[in-house]
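The values are calculated or read from the model by the stated rules, or taken from the named source; none is laboratory data. Everything numeric here is computed off the predicted structure, so don't read it as measured data. Ideal geometry is used to build each Cβ from the backbone, glycine not excepted, and the neighbour counts take in all protein chains shown.
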Amino acid sequence: MPGIDLHTHSSVSDGTETPAELIAAAVAADLDVIAITDHDSTTGWDPAFAAARGTRLTVVPGIELSTQLDYASVHVLGYLIDRENAPLVAAMEHIRAERLHRAEAMVARIGADYALDWDDVLAQTTPGATVGRPHIADALVARGHVTDRSAAFASILHWRGGYYRPHDAPVPVEGVRLIAEAGGAAVIAHPGGRGPDRLFTDKRIKQLVDAGLFGLEVDHRDNPPGSRARWVDLASRFGLVMTGASDYHGAGKPNRLGENTTSPEAYEAIVAHATGAHPFVP
Ligand code: AMP
Ligand code: FE
Ligand code: FE
Ligand code: ZN
């Protein structure tokens, strides 16, 4: 079985390793294919391709687009998109700006109760990176308020922790449409990872499929184990491809490269479907 891991992050968003370090880690893990899917950014693609040169690792360029449905945040993976597609580029720029304002607002709230300011967050963030709660978590760790990212997410950064702020983002149907119209293959990331499975009713899945949805990330550690049958059933009834991936964030999360993988058949279907870019084959 080849090792195909279609969901990873670098320091271009909230991973702790540069794109080159991410590629080196994937080579060390003996993977055959990885997708680099930073939140709302394609900046990591070129350095990842450059780092893969001379290895046997295929790199699938992608994104993880932030979308919002009422109070739920829904992540949509977009594989092999045209990174110059104007509507998608504009949406990613808008989301990154919204994330920045939201992070500043959260830090202002936290700063009222804890020694923390925006410079602490900047010190933990690669210039130009898509800013998220993980960067605030790193600043809280550096200040000694919590021991690690997970502890920060379980307390101060939790959505019920008293400091949480949402950020504006497209609705999932719009995110899927943007990816599909940019030639990409759209896959709902960790569909069971946020709250009740009830979010993805048949009706909602139908709307997403009509907007161009191509797959569901069925094998992911954040999907409750008991929910797998539901994703498999939805995928088979709506003709969706099923993927599996680690959602590796370097040292920022316990997720290990290759802990979940995608079948060669599903991977080939994604490559055959998408028209916006090609995998980088060294
Ligand atoms: P945000 O999009 O800014 O609200 O932050 C959510 C991001 O934080 C997700 O994309 C995850 O990568 C990361 N995250 C969520 N929970 C944890 C956790 N317990 N430990 C580390 N990172 C987390
Ligand atoms: Fe993340
Ligand atoms: Fe995600
Ligand atoms: Zn992710």
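Listing for the model above:
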item	result
Residue that is modelled with the highest pLDDT [pool: residues in the stretch 221-234 that are farther than 23 Å from H9 by Cβ, out of contact with any helix residue (DSSP H, G or I) (no Cβ under 8 Å at 6 or more places or on another chain) and charged (D, E, K, R)]	D233
Inter-residue pairs, beta-carbon under 6 Å, first touching a residue at least 12 places away in the same chain (Cβ under 8 Å) and of a type outside the set (G, A, S) and in the stretch 84-96, second in a helix (DSSP H, G or I) and surrounded by 12 or more Cβ atoms within 10 Å (Cβ to Cβ), 6+ apart	P87/L178; L88/L178
Qualifying residue in the stretch 159-182 (condition: farther than 21 Å from R96 by Cα and touching an Asp or Glu at 6+ places or on another chain (Cβ under 7 Å))	no
Residue selected from the stretch 235-275 under the condition under 16 Å from the mean Cα position of the chain (by Cα) and in a helix (DSSP H, G or I), by the criterion modelled with the lowest pLDDT	G252
From R198, R230, R237, residue being over 25 Å from Y71 (Cβ atoms) and away from ligand 4 (no atom under 16 Å from the Cβ)	R237
Some residue of the stretch 182-199 being within 14 Å of ligand 3 (Cβ to nearest atom), charged (D, E, K, R), in contact (Cβ under 8 Å) with a residue 24 or more places away in the chain and out of contact with any strand residue (DSSP E or B) (no Cβ under 9 Å at 6 or more places or on another chain)	no
Residue check for V89: outside any loop (DSSP other than H, G, I, E, B) and in contact with a helix residue (DSSP H, G or I) (Cβ under 6 Å, 6 or more places away or on another chain)	no
Count - residues of the stretch 227-273 that are more than 22 Å from M1 (Cα to Cα), surrounded by fewer than 20 Cβ atoms within 10 Å (Cβ to Cβ) and within 16 Å of ligand 1 (Cβ to nearest atom)	3
Top-ranked residue in the stretch 20-50 [being surrounded by 24 or more Cβ atoms within 10 Å (Cβ to Cβ) and assigned to a helix (DSSP H, G or I); ranked as nearest to ligand 4 (Cβ to nearest atom)]	L22
Residues (away from ligand 3 (no atom under 16 Å from the Cβ) and among the β-branched types (V, I, T)) located in the stretch 1-29	I4, T18, I23, V27
The stretch 31-42, subset without any contact (Cβ under 8 Å) to a residue 60 or more places away in the chain and over 24 Å from S150 (Cβ atoms), residue farthest from ligand 3 (Cβ to nearest atom)	D32
Criterion: surrounded by fewer than 18 Cβ atoms within 10 Å (Cβ to Cβ) and modelled with pLDDT of 95 or more - qualifying residue of A123, A152	A123
Residue count, the stretch 107-128 (criterion: touching a residue at least 24 places away in the same chain (Cβ under 8 Å) and under 21 Å from the mean Cα position of the chain (by Cα))	2
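Yes/no per residue for (1) more than 20 Å from the chain's Cα centre (by Cα); (2) of a type outside the set (V, I, T); (3) part of a helix (DSSP H, G or I):
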position: T130; (1), (2), (3): no, no, no
position: L140; (1), (2), (3): yes, yes, yes
position: A152; (1), (2), (3): no, yes, yes
position: H158; (1), (2), (3): no, yes, no
position: P166; (1), (2), (3): no, yes, no
position: V173; (1), (2), (3): no, no, yes
position: G193; (1), (2), (3): no, yes, no
position: R198; (1), (2), (3): yes, yes, yes
position: K206; (1), (2), (3): yes, yes, yes
